Amino acid sequence: MKSNKENFDAIVIGSGIGGLVTASQLAAKGAEVLVLEKYIIPGGSGGSFKRKGYTFDVGASMIFGFGDKGYTNLLTRALKDINEKCETIPDPVQLEYHLPNNFRISVDKNYDQFINKLSKIFPKEKEGIKKFYDTCASVFKCLDSMPLLSIEDPSYLFKVFFKSPLSCLGLARWLPVNAGDVARKFIKDPELLKFIDIECFCWSVMPALKTPMINAGMVFTDRHAGGINYPKGGVGKIAEKLVSGMEKLGSKIRYKANVTEILLKDEKAVGVKLSNGEEIYSNIIVSNSTRWDTFGLNDKKKGLIASKNVPKSEYKWSQTYKPSPSFVSIHLGVEKNLISNNINCHHIIVENWEELESEKGVIFVSIPTLLDSSLAPDGKHIVHAFTPSSISEWEGLSRKDYLEKKEKYFSFLIEKISTILPNLEDNIDHKEIGTPKTHKKFLGRFEGSYGPIPSQKLLGLLPMPFNTTKIKNLYCVGDSCFPGQGLNAVAFSGYACAHKIGSKLNINSFKLPD
Ligand SMILES: Cc1cc2nc3c(=O)[nH]c(=O)nc-3n(C[C@H](O)[C@H](O)[C@H](O)COP(=O)(O)OP(=O)(O)OC[C@H]3O[C@@H](n4cnc5c(N)ncnc54)[C@H](O)[C@@H]3O)c2cc1C
């Protein structure tokens with residue numbers, strides 16, 4: 001079956017936020033794009049699914065990038081560029097930590113309030129705390145003062161350097177640096193350094209010494225600048241609106257469209273083949289599938305590119321970065337009276353610092369109905385919790401053992417969350433349990449991984465690849481590209497990818513965005 005009746009300027013494989021920002025940005029520039037999504041809803045890890053009157057977020061629910069000033073508010077910008085907008089609900093607190101030795105602290109939107117609180121817990125480190133977080137703010141200031149497009153495009157680099165030379169030099173300085181090294185310059189207290197570790201781990205799944213300073217600067221400051229804002233109706237609204245905006249501009253999305261191969265001719269990407277045998281052609285192919293899945297960078301699974309054509313640089317990348325563990329996630333509908341309105345929306349529980357990077361070492365809990373009650377039926381709340389888990393824990397089990405193990409993890413999570421929400425077990429109206437296998441199957445992600453993490457300590461973000469690949473006309477976008485995981489980060493990757501393609505198609509505006 002060959003289908004090439006419609007001539008698309010680009011095909012995007014996958015409708016994660018990285019793929020959709022690429023597609024919608026290209027649509028905004030006048031290109032016609034076809035997005036092929038193997039699942040039945042858009043958004044990937046940033047989607048939402050509905051069950052029995054509940055709207056559950058698949059993964060992400062602490063959303064950065066919805067501010068209204070500067071250049072780092074990439075989700076606001078991506079929607080605006082295609083004439084869409086998400087109504088958002090500001091969260092006064094990013095999250096509350098429940099840490100060993102009764103160390104409890106919440107991160108307020110107000111920067112000084114948070115710094116003062118932390119300084120009261122570590123009075124001897126007052127100056128170091130301020131210096132560390134102020135340094136993060138200086139990184140953010142550089143990012144926020146320049147339009148964020150493709151670093152691979154020389155004309156953009158020239159223009160942006162002309163517009164904001166000091167910011168560019170500032171960023172270049174921080175690119176090879178990790179947050180833990182900066183923290184150690186200013187802070188000596190081992191427990192406070194552990195706190196900086198969990199501050200990084202909760203979004204990078206790495207301790208501070210392996211977390212790039214650029215990302216830390218972004219996260220540790222944007223939460224106080226643009227703030228954390230929840231999209232009304234669920235996180236999936238972002239993807240739905242990106243889809244509807246790009247469709248209004250003439251681009252298309254097809255669901256249940258599983259790409260099994262990227263077609264090459266004369267060493268150039270020329271099209272894709274779907275699992276039903278259909279072939280669709282375009283001069284530009286963008287993969288929002290992870291690099292492991294795109295290039296089959298492991299023995300177990302064939303990638304979308306035939307192994308004889310996989311560039312050596314991709315194998316090198318897979319030695320530099322390894323897949324982080326996946327998660328066991330539970331999505332609960334619970335009785336409303338279980339939860340007081342004064343409790344914060346997002347929580348992190350760590351019982352033992354030594355277990356930070358271990359299976360089940362950290363527990364993430366979100367109660368998004370505290371911000372948007374429309375996500376659950378009347379009289380109910382949603383509790384979404386997850387803990388790191390490797391796929392190796394779940395492979396080779398009989399059906400019976402698999403189901404038993406799921407229930408054991410469920411009981412483990414309920415017991416731990418009950419320290420914040422007592423009597424949880426007796427108040428559950430609906431439950432869903434997802435394992436690394438579920439993440440792998442429904443998100444199409446290698447080993448169900450959250451994303452790439454350094455195999456050893458690296459020079460900050462320097463080794464992270466951009467969007468072009470060594471295969472002509474093939475681009476990658478999403479969390480296995482610069483600058484990594486998180487909705488705002490993959491939106492950055494999408495902006496950069498569309499800009500790079502736009503310069504090839506000659507459809508970029510000459511002017512940098514306002
Ligand atoms: C449990 C969890 C919690 C998280 N919490 C947060 C949070 O609070 N805040 C935050 O900012 N980030 C969070 N993240 C991270 C964030 O969700 C991801 O980094 C981001 O959504 C990844 O986007 P992506 O563009 O790389 O694509 P993905 O989300 O991986 O989507 C890729 C899409 O491509 C499709 N696809 C793959 N292969 C094919 C193929 N061959 N053919 C067709 N379609 C294909 C998939 O079905 C999927 O829809 C969380 C992630 C998880 C898993």
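Quick note: the coordinates plus some simple rules give every number you see, no bench work behind them. All of these numbers come straight from a predicted model, not from anything done at the bench. A quick note on method: Cβ atoms are made from the backbone with ideal geometry, for glycine too, and the neighbour counts reach across all protein chains shown.
Taking amide H positions as placed in the peptide plane 1.01 Å from N, state which residues far from His430 in sequence (5 or more) or on other chains have amide H under 5 Å from it.
When sequence neighbours closer than 5 places are left aside, the close amide H contacts are Gly333.
Using each residue's phi in region 317-324, evaluate 6.51 cos²θ - 1.76 cosθ + 1.60 at θ = phi - 60° and report the 3J(HN,Hα) Karplus result to the nearest Hz, with x for Gly and Pro.
4, 6, 8, 6, 10, 10, x, 5
Taking region 205-236, which trypsin sites (Lys or Arg not before Pro) meet the DSSP loop condition and have no more than 14 other C-beta atoms within 10 Å? Present the calculation step by step, with values, prior to reporting the outcome.
Numbers: sites: Lys210, Arg223, Lys232; in loops: Arg223, Lys232.
Passing sites in region 205-236 are Lys232.
Search the structure for amide H atoms under 5 Å from the amide H of Tyr475, placed 1.01 Å from N in the peptide plane, and list their residues when 5 or more places away or on another chain.
Those lying under 5 Å, H to H, from Tyr475 are Ile285, Val286, Ser287.
For a label point 7 Å from the Cα of Lys316 along Cα→C-beta, name the residues of region 435-466 whose backbone N is under 15 Å from it.
Within reach of a label on Lys316, which here means backbone N under 15 Å from a point 7 Å along Cα→Cβ, region 435-466 contributes 459, 462-466.
Read phi for every residue in region 340-347 and hand back ³J(HN,Hα) as whole Hz from Karplus 6.51 cos²θ - 1.76 cosθ + 1.60, θ = phi - 60°, with x for Gly and Pro.
So the Karplus estimates, Gly and Pro as x, are 6, 5, 7, 6, 6, 6, 10, 9 Hz.
With θ set to phi - 60°, apply the Karplus curve 6.51 cos²θ - 1.76 cosθ + 1.60 along region 230-236 and write out the HN-Hα couplings as whole Hz, x wherever there is a Gly or Pro.
Result, rounded to whole Hz: 9, x, 4, x, x, 4, x.
Taking neighbour counts of Cβ atoms within 10 Å as a proxy for exposure, in what order, fewest first, do Val160, Val286 appear?
On the way: Val160 20, Val286 30.
So the ranking, lowest neighbour count to highest, is Val160, Val286.
Return Glu278, Glu37 ranked ascending by Cβ neighbour count within 10 Å, so the fewest neighbours appear first.
In order of increasing Cβ crowding within 10 Å: Glu278, Glu37.
To the nearest 0.05, what FRET efficiency results for Glu279 and Ile121 with a Förster distance of 60 Å applied to their C-beta separation? All intermediate terms of the calculation are to be shown ahead of the outcome.
Values: r = 61 Å, r/R0 = 1.01.
Here the calculated transfer efficiency is 0.50.
Under 5 Å between amide hydrogens, which residues at least 5 positions from Lys322 or on another chain qualify, with H placed 1.01 Å from N in the peptide plane?
Amide H to amide H, under 5 Å and 5 or more residues apart or across chains, Lys322 pairs with Ile453, Ser455.
Just to be sure I understand the model, the point goes 7 Å from the Cα along the line to the Cβ. What's the resulting Phe161 to Arg173 distance in nm?
1.7 nm
Taking the alpha-carbon centroid of each part, what is the distance from region 195-241 to region 377-455 in angstrom?
Value for the Cα centre distance between the two parts: 21 Å.
Would you please name the trypsin sites (Lys or Arg not before Pro) within region 1-110 that are DSSP coil residues with at most 13 other C-beta atoms within 10 Å of their C-beta? Kindly include the intermediate steps, with their values, before the conclusion.
Details: sites: Lys2, Lys5, Lys29, Lys38, Lys50, Arg51, Lys52, Lys69, Arg77, Lys80, Lys85, Arg104, Lys109; in loops: Lys29, Lys38, Lys52, Lys69, Lys85, Lys109.
Here the sparse-neighbourhood loop sites are Lys52, Lys69, Lys85.
If each DSSP helix of 4+ residues adds -39,500 (n - 2.57) and the sum is divided by the residues in the chain, what number results at 222 nm, nearest 500 deg cm²/dmol?
On the way: 15 runs with 176 residues, N = 514.
Computed mean residue ellipticity for the chain: -10500 deg cm²/dmol.
If each of Asn352 and Asp134 carries a label point 7 Å out from its Cα toward its Cβ, how far apart are those two points in nm?
Each label point lies 7 Å from its Cα, and together they span 3.9 nm.
Sequence neighbours fewer than 8 away in the same chain don't count; with that in mind, list the lysines whose C-alpha is under 28 Å from Lys120.
Lys109, Lys130, Lys131, Lys141, Lys185, Lys188, Lys194, Lys210, Lys416
Please name which of Leu171, Phe327, Phe510 has its Cα lying farthest along the dipole of the chain towards the positive end, using unit charges on Cβ (Lys, Arg +1; Asp, Glu -1) and the Cα centre as origin.
Phe510
If each residue's Cβ is checked for other Cβ atoms within 10 Å, how do Val219, Val182, Val33 rank with the fewest at the top? Intermediate values should be presented prior to the final figure.
Details: Val219 24, Val182 21, Val33 29.
With the sparsest Cβ surroundings first, the list reads Val182, Val219, Val33.
List the trypsin sites (Lys or Arg not before Pro) in region 247-281 that DSSP assigns to loop (not H, G, I, E or B) and whose Cβ has at most 13 other Cβ atoms within 10 Å. Which are they?
Details: sites: Lys248, Lys252, Arg254, Lys256, Lys265, Lys268, Lys273; in loops: Lys256.
Here the trypsin sites (Lys or Arg not before Pro) that fit, given the DSSP loop and packing criteria, are Lys256.
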